[in-house]
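To start, the structure under review is shown below, and the notes come after it.
The values are calculated or read from the model by the stated rules, or taken from the named source; none is laboratory data. These figures come from a predicted structure and were not determined experimentally. Heads up, the Cβs are rebuilt from the backbone with ideal geometry, glycines too, and the neighbour counts pull from every protein chain shown. Ligands, DNA and RNA are stripped out before the accessible areas are found, and what is left, the full protein with its side chains, is counted by its heavy atoms. Shrake-Rupley method; radii C 1.70, N 1.55, O 1.52, S 1.80 Å.
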Amino acid sequence: MYNSKITGLGYYLPENVVTNDDLSKIMDTNDEWIQERTGIKKRRWIDPKSGDTTSTMGAKASEIAIKRSGLNKEDIDFIIFATLSPDMYFPGGGVRVQDMLGMPTIGALDVRNQCSGFIYSLSVADQFIKTGMYKNILVIGSENHSGGLEKSTRGRGVTVIFGDGAGAAVVSRSKEKNKGILSSHLHSEGKHARELMLDGPNTGRWVPEILEDNDPNDESYYPYMNGQFVFKNAVVRFSEVINEGLKANELEKDDIDLLIPHQANLRIAQFIQRKFQLSDEKVYNNIMNYGNTTAASIIIALTEAWEQGKIKDNDLVVLAAFGAGFTWGSVIIRW
Ligand code: ACO
């Protein structure tokens, strides 16, 4: 039986910085409201002229992660790509990265679990490695939110929260016992699918109907979020799934060296921090600078924390996410 461990990390952010003040010029919002409710000061939004897309950002983050792993592109056996904002409706981002990086004809799987996408993807990678099927898997989380947000006062409750970016990890086979990915726990509750969603276009209402309706007030092409309902569920599920992971490994909250929560909202992260009585050094947040980058948020934060020397050999690193679906999960890593 093999273990899996993360051997390379990388991220890529588009250059264009959008501050809260910038947003207040295009919609009725302000820096104080956004910071007080979410903790966000600025985010990156792709400049459409730059050529950045969900896949190109994923590819750029992947090149860094592969280089840092000490491997070559040819050593990667499989790609897992998590996003809710693919370049095309189909095919997904995995095959695009395979092509962009000039990789051999390895398998590429797309994961559509929104904010939990990176956690789900890591779990899949871990299972493929533990069964012996693959040795080195490239796991990517990338989002181009800005291309699909409603940049007007009508969309402000959602639009101010989200940012663009990508991160990637190489997950590799390891023979070290009790190190690497110790566990993953995944959950869903589909009855809340409509509380956080992007409804259209969908196969129940496809192009002919949309063209026939020709309704300028149709909001179904923009994300919808029942913010307070999401908030209430998130704090409960984050706590549950972190505890589930700790319990499965016979660990206590005091054993946590670093918690990296999905960067949904600083207030959610602070609530979890208080609940687990963790000091500031034991929780890594960067939502202030990048907003919520959904499937990319945990991997960008993990990479930054690692670059800043906040993750040392043998540390217990806990990753946890909650998002649309609802879906949620945790991964516990002994670094
Ligand atoms: N700027 C100024 N005013 C705004 C804005 C804005 N950007 N957005 C909404 N408002 C107004 C509303 O219109 C409302 O005005 P009203 O009282 O006159 O009707 C008022 O502010 C309060 O709106 P609420 O939606 O009730 O504000 P709330 O305190 O719930 O904060 C927020 C909204 C930040 C979205 C909050 O509900 C939240 O944090 N929810 C958690 C969901 C979350 O974190 N989602 C992240 C993405 S999903 C994920 O990653 C899981």
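Below 13 angstrom from the Cβ of GLN273, what's the summed charge of the other residues (Lys, Arg +1; Asp, Glu -1)?
Neighbour charge sum, excluding GLN273 itself: +3.
Which percent of the accessible heavy-atom area of the range 3-176 goes to carbon and sulfur, probe 1.4 angstrom?
Carbon plus sulfur share of accessible area: 49 percent.
Holding the Cα-Cα limit at 21 Å, pick out from LYS130/LYS177; LYS41/LYS232; LYS135/LYS179; LYS177/LYS282; LYS177/LYS310 the pairs that are longer than that.
LYS41/LYS232; LYS177/LYS282; LYS177/LYS310
Distance between Cα centroids, the range 168-187 to the range 194-218: provide it in whole Å.
Comparing the Cα centres of the range 168-187 and the range 194-218, I get a distance of 40 Å.
For the chain, with the dipole built from +1 on Lys and Arg beta-carbon atoms and -1 on Asp and Glu ones, taken about the Cα centre, which of PHE231, VAL95, ALA65 lies farthest toward the positive end?
ALA65
Tally Lys and Arg at +1 and Asp and Glu at -1 over the other residues with C-beta under 11 Å from the C-beta of ARG154: what net charge comes out?
-1
From the residues HIS145, LEU23, THR7, which one has its Cα farthest along the dipole of the range 3-176 in the positive direction, the dipole being from +1 and -1 charges on Cβ of Lys/Arg and Asp/Glu about the Cα centre?
THR7
Where does the Debye-calculated log10 I(q)/I(0) of the range 151-221 sit at q = 0.23, 0.26 Å⁻¹, using only Cα point scatterers of equal weight, no solvent?
Here log10 of I(q) over I(0) equals -1.18, -1.23.
Within the range 259-312, what whole-number % of the accessible surface is contributed by carbon and sulfur, with the 1.4 Å probe and all protein chains included in the calculation?
Answer for the range 259-312: carbon and sulfur cover 45 percent of the accessible area.
In whole Å, what three semi-axes, largest first, describe the equivalent ellipsoid of the range 3-176 built from its Cα gyration tensor (square root of 5 times each eigenvalue)?
Computed over the range 3-176, the values are 33, 16, 14 Å.
Can you tell which of ALA193, ILE210, ILE298 lies farthest toward the positive end of the dipole of the range 181-334, using +1 and -1 charges on the Cβ of basic and acidic side chains (Lys, Arg; Asp, Glu)?
The listed residue farthest towards the positive side: ILE298.
Enumerate the amide H contacts of ALA82 below 5 Å, restricted to partners 5 or more residues apart or on another chain; note that Pro and chain-start residues carry no placed amide H.
Those qualifying (amide H under 5 Å, at least 5 residues apart or on another chain) are VAL111, ILE140, GLY141, SER142.
Rg over Rh of the chain, using C-alpha atoms and the Kirkwood radius, what does it come to?
With Rh from the inverse mean 1/r over Cα pairs, Rg/Rh is 0.96.
Please compute the per residue accessible area over the chain with all protein chains in place, 1.4 Å probe, rounded to a whole number of Å².
45 Å²
With a cut-off of at most 11 other beta carbons within 10 Å, and DSSP calling the residue loop, which GluC sites (Glu not before Pro) in the range 126-196 qualify? Please list them.
GLU176
Roughly what angle does helix 297-307 make with the longest principal axis of the chain, taking Cα atoms, 0 to 90 degrees, to the nearest 10?
Roughly 50 degrees between the two axes.
Along the range 24-33, what does the Karplus equation 6.51 cos²θ - 1.76 cosθ + 1.60 (θ = phi - 60°) give for ³J(HN,Hα), rounded to whole Hz, x for Gly and Pro?
Karplus-based 3J(HN,Hα) across the range 24-33 equals 5, 7, 10, 7, 7, 8, 7, 4, 4, 4 Hz.
To the nearest 10 degrees, how steep is helix 117-130 against the longest Cα principal axis of the chain, on a 0 to 90 scale?
30 degrees
May I ask for the net charge around SER188, where only other residues with Cβ less than 15 Å from the Cβ of SER188 are counted and Lys, Arg are +1 while Asp, Glu are -1?
0
GluC sites (Glu not before Pro) within the range 213-264: which are DSSP loop residues with at most 13 other Cβ atoms inside 10 Å?
When the GluC sites (Glu not before Pro) of the range 213-264 are filtered for loop state and at most 13 Cβ neighbours within 10 Å, GLU219, GLU250, GLU252 remain.
Going by Cα centres, the range 269-293 and the range 32-79 are how many Å apart?
Answer, in whole Å: 20.
What residues qualify as long-range amide H neighbours of LEU182, i.e. H under 5 Å apart, gap of 5 or more or another chain, H built at 1.01 Å from N?
Residues meeting the criterion, in which the H sits 1.01 Å from N, are ILE332, ILE333, ARG334.
Pairing the Cα long axis of helix 54-69 with the longest principal axis of the chain, what angle in degrees results, from 0 to 90 and rounded to the nearest 10?
Approximately 20 degrees, to the nearest ten.
Amide H to amide H, which residues 5 or more places from ALA108 or on other chains are under 5 Å from it, using H placed in the peptide plane?
Amide H to amide H, under 5 Å and 5 or more residues apart or across chains, ALA108 pairs with ILE79.
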